[in-house]
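Notes for the one structure printed next.
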Amino acid sequence: MVAKIRAFKSPDDVETSLRYVEGHRKVLESYGVKKVTSASIDWLHDPQTYVVLVESEDGEKIYGGGRIQIRSNEMKMPMEDAIAKIDQGIYQYVDNIGNESIAEFCGLFNSKEVAGYGIGSIFLGRIGVAIATQVGVKYLMALCSPATLRNCARVGFEIIRDLGNNGTFYYPKEGLVATALIIKDIENLPGANGEERERIFDLRQNPVQEAIEKGPKGEMDIYYNTKL
């Protein structure tokens with residue numbers, strides 16, 4: 001299988017950003033989720049939001065995506081309002097980080113067509129962590145499902161156990177569990193698996209590359225263009 005992964009500032013390509021939104025919406029609806037904070041499009045023209053897209057080789061199909069949304073005075077991270085419905089402590093937690101640049105890696109999905117290849121669970125995670133340093137992020141946060149928790153830990157995320165029920169919440173609907181995560185040292189990734197750290201550092205240094213990546217279903221030929 002061949003795929004392309006690229007990253008861009010959302011306002012620079014609103015049309016493709018809307019294609020990403022539509023792909024995310026379809027996947028959410030297939031799981032019976034009608035409304036989720038990360039599916040809002042308030043960020044569409046935000047100069048501090050970056051979209052990561054996984055496409056077919058010809059660019060006709062979107063296989064998956066996600067975005068890095070940097071917190072600003074004008075725009076909170078989606079997970080803040082999502083968690084606040086259950087635990088208002090999220091606002092204080094984020095405020096305590098102070099003036100350091102903080103972002104959420106949110107809106108991650110992969111289409112059912114490529115389920116099992118590792119696009120949503122590992123490849124996008126690596127890229128999100130890799131490009132965060134390009135845009136000056138110091139802390140990277142996320143909400144993840146039980147299925148992706150192990151791979152999130154591999155790329156350096158740790159559970160925020162001070163929030164919710166030891167870090168977990170029912171989200172985006174009753175019966176679905178999400179875990180609040182953070183990377184506190186995005187530059188050095190001390191909590192990442194050694195192999196993953198090495199791969200992430202390579203993607204940082206060489207944001208334009210072709211690589212044969214091994215996923216659960218086998219190998220993928222991926223063309224990366226994630227220089228921002």
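Relative contact order of the range 44-137, please, whole-number percent, based on alpha carbon pairs below 8 angstrom and at least 6 residues apart. Numbers along the way, then the final one.
Details: 109 pairs, mean separation 29.9, N = 94.
In percent, rounded to a whole number, it is 32.
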> What list of ³J(HN,Hα) couplings, whole Hz, do you get for the range 45-59 from phi and the Karplus terms 6.51, -1.76, 1.60, once you set θ to phi - 60° and write x for glycine and proline?
Replying inline: 10, 7, x, 10, 10, 10, 9, 10, 10, 10, 10, 5, 4, 8, x
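Nearest 500 deg cm²/dmol is fine: what mean residue ellipticity at 222 nm does the chain get from its DSSP H runs of n ≥ 4 alone, each adding -39,500 (n - 2.57), divided by its residue count? It would help to have the intermediate numbers written out before the result.
On the way: 6 runs with 61 residues, N = 228.
Result for the chain, helices only: -8000 deg cm²/dmol.
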> Residue separation times 0.36 nm, minus the C-alpha to C-alpha distance between K85 and Q134: what's the value?
Replying inline: 14.4 nm
>> Can you give me the C-alpha center-to-center distance between the range 57-103 and the range 213-227, rounded to a whole angstrom?
In response: 26 Å
> With the dipole of the range 60-111 worked out from charges on the C-beta (+1 for Lys and Arg, -1 for Asp and Glu) around the Cα centre, which of A82, L108, Y93 lies farthest toward the positive end?
Replying inline: L108
>> Among the listed pairs K4/K173; K26/K184; K112/K138; K76/K184; K9/K138, which have their C-alpha atoms separated by more than 23 angstrom in this model?
In response: K4/K173; K26/K184; K112/K138
> In whole percent, what relative contact order does the chain give with Cα contacts below 8 Å and a gap of six or more residues?
Replying inline: 22 percent
> Roughly how tilted is helix 14-30, in degrees to the nearest 10 and between 0 and 90, from the longest Cα axis of the chain?
Replying inline: 70 degrees
>> Rounded to the nearest 20 debye, what is the charge dipole size of the chain about its Cα centre when +1 sits on each Lys and Arg Cβ and -1 on each Asp and Glu Cβ?
In response: 400 debye
> What GluC sites (Glu not before Pro) does the range 117-202 have in DSSP loop regions with at most 11 other beta carbons within 10 Å?
Replying inline: E174, E187
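Sort the following peptides by mean Cβ neighbour count (other Cβ atoms within 10 Å, averaged over residues), highest first: 89-99, 45-55. Write down the numbers at each step before the final one.
Details: 89-99: 13.4, 45-55: 21.2.
Highest to lowest by the protection proxy: 45-55, 89-99.
According to the square roots a ≥ b ≥ c of the eigenvalues of the Cα gyration tensor, what is the shape class of the chain, taking rounded for a/c under 1.5, prolate for a/b larger than b/c otherwise, and oblate for the remainder? Display every interim value, and only then the final one.
Details: a/c = 1.37, a/b = 1.25, b/c = 1.09.
Because its axes are fairly even, with a/c under 1.5, the chain counts as rounded.
Would you rank R6, R161, R126, R25 by solvent-accessible area, highest first, keeping every protein chain in place and using a 1.4 Å probe? Don't jump to the answer; show the numbers that get you there.
Working: R6 65, R161 130, R126 25, R25 90 Å².
The ranking, largest first, comes out as R161, R25, R6, R126.
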> What percent do you get for the relative contact order of the range 116-214 when only Cα pairs under 8 Å and 6+ apart count?
Replying inline: 33 percent
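Carbon and sulfur atoms: what percent of the 1.4 Å accessible area of the chain do they account for? Numbers along the way, then the final one.
Values: 5000 of 10890 Å².
For the chain, the apolar C and S fraction of the accessible surface comes to 46 percent.
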> Per residue, what accessible area does the range 132-196 have, given a 1.4 Å probe and all protein chains present, in Å²?
Replying inline: 49 Å²
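The values are calculated or read from the model by the stated rules, or taken from the named source; none is laboratory data. Note that the structure is a prediction, hence the values are computed from the model and not measured. Using ideal geometry, Cβ is built from the backbone for each residue, glycine included, and neighbour counts are taken over all protein chains shown. Surface accessibility is based on the protein's heavy atoms, side chains included, excluding ligands, DNA and RNA. Shrake-Rupley method; radii C 1.70, N 1.55, O 1.52, S 1.80 Å.
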